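Enquirer: Below are the structure tokens for one structure; questions will follow.
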Amino acid sequence: MVFYSDERCGCCDQIILVTATPINNNIFDLYNQITLFTGGDRSYFAGAGIGDLYRFFLTARRDSGNQTTGVSLFNLLEEVVIRRTRAFIRKCYPEATIKGKVIHWPDRKLKTVRYNLEATYGGIYDSIVDAIEGLRLAPYQLETYKKAGVERDEFEQGREEALAGIFRSRYLKRFESSIEAFRISVRRALEFTKTFESYVLDGKVLDSSSFQKAMRYLSSEDEEDDSTPTSKATELDTVEEAKEILESLPSLNPAQYDLRHLHEALQHDVDVLTNVWHMIKDINPEKDAKLQVLKKLLSEDLKGQKVIVFTYYRDTARYLYRELAGEHGQEFKKKAGDPLIRRMDSGASPSERVRLIESFAPTSNNRPDLKGSEKEVDILVSTDVLSEGQNLQDCGILVNYDLHWNPTRMVQRAGRIDRIGSEFPTLWIYNMFPDEGLERLLRLVESLSRKIGDIDRTGFLDASILGEVVHPQNFNTLRRIMEEDGRVVEEQEQFAELASNEFLIQQLRALLESGAKTMLEELPDGIHSGLAREGERGIFFYFTAPSEKGEGRRHFWRYYDLNSGRILDNRFLVTNLIACSPDTPRVVGDVNVFEVQEKVIEDILRSVQEQEAIEAAPKILDPIQQTVITLLRGYLSSPMVKRHDAKDAIKRLSEPMTHTSIRLLRKAFDDFQQKKDIEALVKSIRATEKRAENHSLNEGQRKPLKREDLHLVCFDFVWS
């Protein structure tokens, strides 16, 4: 839920309700939602220390390799978001009721199910992994194959390197997911590469390095591609599919490329993929150790219970359904008590999805007539089309068949059965992990993810490209899941739903209500203390300064990390570092506080100066400028306005404008929408720059923040 008040237009307070997990694949999902009420004004949150909203999100995305996305965005979220998480309600409102009934919170427990990945691949595991690592993926790295002396596009080359890394990591993920998913990928890649090679032999080079085209090719294997109801790899001849894709690509100038070198790379990959194909093409379900472990789990340990089996890939879901419920699954069904098994993926129509959900969870979806009937589904095999917004609390057991490389998605899956109304005392989340070879697989995908992240941090990628980025911290989380560390689920749930300051507010409220307000007000400024925190050596400083508008005061939180020399201003991280209870041991560090304080003061002054510079600097054309330009062009031949004046206004609008000018323009456009007075709009535009100049002069009169303006409230040692 987003709450805001737009003082610029005199609007009343307004609320935007958003999903509990507004970040799906990329943090820019949330950026787009926030721009609904900022109107495209990137300086909207300048008062909160965020001069450019877009740059703030770029920085947050690049920083989220070291911390969760919600934490990276916390200073913004604290300004606009009100949230009540499950953990918050459970702790602060233990007696909360719905319709007079106390809310029941089931325990959630992890259970690791191990299988032998090498056994599935019959002793060829290392060969396959080496082959994937050694792929050159030339069609997606064409800048690398330009002739000596031909200028290379550094930006495009960086993007291509990232794309090649994404391809390799996907091969590894599908390799772990199921033999069928990996087999389909290898077959498609082989035919695509051979077809591309045939064009090169004819002296043609096609732009398959185009990110948008390549990403669409990738997404045809993913569950998220809802536009493709069925897998092309299983319906169309892969040669025809490759030709269809390649013929849609633009041609490049072959004279710029070393065609011999390019052909050698293509032939290398054809040979490698052909060899891999021959190694895996005849692996049947009976040899699939992972599948056999799942069958044993469902027919013995979980026999007679309602179970949902999640997998990331559509191809894996269909493979499992064939082997559990199809002709080959008859023996399994007999051992399992003849359960009714159904499958859910993006190929199901909306009406079919509703019917499946009702049949699987009739009580939760108000279909008591299906409960206990022959139509009630016992085992549901599903992809992540069911990972959000569904009530499946008739079920108390979830099996993650393949490793979801983003643990946040695993939590979203668990949330489907862990819903209000569940009567289960304990919810079980079974996770299938390869017994051997997991560490190598994790290291490989982790290495590729780090390389992609490094390219991202150089600025070669933009928000629309990466989709779901797996950060290194996720791999440690996967290891904790394997070790059945139940705290992971709650931690990831908080991260998925964005960081919140609600616990802090609740603690402060309780403290003030206990009579501590007077004591706090009487504390002298400049006091200090310290607390023990394992692995930390740093000092927290709290400064205030007069407001730039002369009303109230500005507040500055800074934490100086003595281990790294970094200065943190993220209030979520700082709050968690300094949080303590009355019985927390007091520790005072041995360090020159005044020396550290000077560094913090310099950081505050520098950040304020940079903030003011960003706020004052004109940016690219604001969307409102484009809107008004389009409007005015429609009036160029209208007798309602002088053509010369309209053209002059368009000329003014075609240059970057200051933030003040943008605000004035927006108000003038709002007036036009109400009164439809085009002449008044043109006059307002012509007067805008003059008014903005006067406003800027007034702003220029405000005093810059100086060292003597900063007032120390307190400082706190955080020491191990």
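All of the numbers you see were taken from the coordinates with simple rules; none came from a lab. Treat the numbers as computed from the prediction; the structure is a model and nothing was measured. Please note: Cβ atoms are built from the backbone with ideal geometry, for glycine as well, and neighbour counts cover all protein chains shown.
Enquirer: How about LYS146: which lysines have a C-alpha closer than 25 Å to its C-alpha, ignoring those fewer than 8 places off in the same chain?
Expert: Once the sequence-local lysines are set aside, what remains near LYS146 is LYS194, LYS204, LYS213, LYS243, LYS451.
Enquirer: Next question, about the same structure. Label 7 Å along Cα→Cβ of TRP277; region 176-198 residues with amide nitrogen under 14 Å?
Expert: So the set is 183-198.
Enquirer: Peptides 166-177, 568-579: what's the order by average Cβ count within 10 Å, highest mean first?
Expert: Ranking the peptides 166-177, 568-579 by packing returns 166-177, 568-579.
Enquirer: Then there is this: Once label points are set 7 Å from the Cα along Cα→Cβ at both HIS268 and ALA516, what is their separation, rounded to one decimal in nm?
Expert: In this crude spin-label approximation the distance works out to 6.3 nm.
Enquirer: Related question: Between ASP670 and ARG55, what is the label-point separation in nm under the 7 Å Cα-to-beta-carbon projection?
Expert: 2.7 nm
Enquirer: Let me check I have the definition right: for region 526-720, take the eigenvalues of the Cα gyration tensor, multiply each by 5, take square roots. What are those semi-axes in whole Å, largest first?
Expert: 52, 16, 14
Enquirer: I need the peptides 75-83, 137-145 ranked by packing, meaning the mean over residues of other C-beta atoms within 10 angstrom, with the highest value on top.
Expert: 137-145, 75-83
Enquirer: Compare the peptides 367-376, 191-200 by average per-residue count of other Cβ atoms within 10 angstrom and give them in order, highest first.
Expert: For the peptides 367-376, 191-200, the packing ranking is 191-200, 367-376.
Enquirer: Taking R0 as 45 Å, what's the FRET efficiency between GLU708 and ILE82 from their Cβ-Cβ distance, rounded to 0.05?
Expert: 0.75
Enquirer: Mind checking the full-extension length gain between ILE124 and ARG509? Use 0.36 nm per residue of separation minus the Cα-Cα distance, one decimal, nm.
Expert: Gain on stretching ILE124 to ARG509: 132.5 nm.
Enquirer: If the chain between HIS528 and VAL591 were fully stretched, how many nm would it gain, using 0.36 nm times the residue separation less the Cα-Cα distance?
Expert: 21.3 nm
Enquirer: Under 17 Å Cα to Cα from LYS675, which lysines show up? Leave out anything in the same chain fewer than 8 places away.
Expert: Within the straight-line limit of under 17 Å, LYS675 reaches these lysines: LYS667, LYS683.
Enquirer: By how many nm would the segment from GLU240 to VAL354 grow when fully extended, if each residue of separation counts as 0.36 nm and the alpha-carbon distance is taken off?
Expert: Length gained between GLU240 and VAL354: 37.5 nm.
Enquirer: Using R₀ = 25 Å, calculate the FRET efficiency as 1/(1 + (r/R₀)^6) where r is the Cβ-Cβ separation of ILE629 and SER248; round to 0.05.
Expert: 0.15
Enquirer: Once you put a point 7 Å from the Cα of HIS104 and another 7 Å from the Cα of HIS328, both along the Cβ direction, what distance in nm separates them?
Expert: 3.9 nm
Enquirer: Tell me which lysines have Cα within less than 28 Å of LYS375's Cα, excluding those fewer than 8 residues away on the same chain?
Expert: Partners within reach: LYS295, LYS296, LYS303, LYS306, LYS333, LYS334, LYS335.
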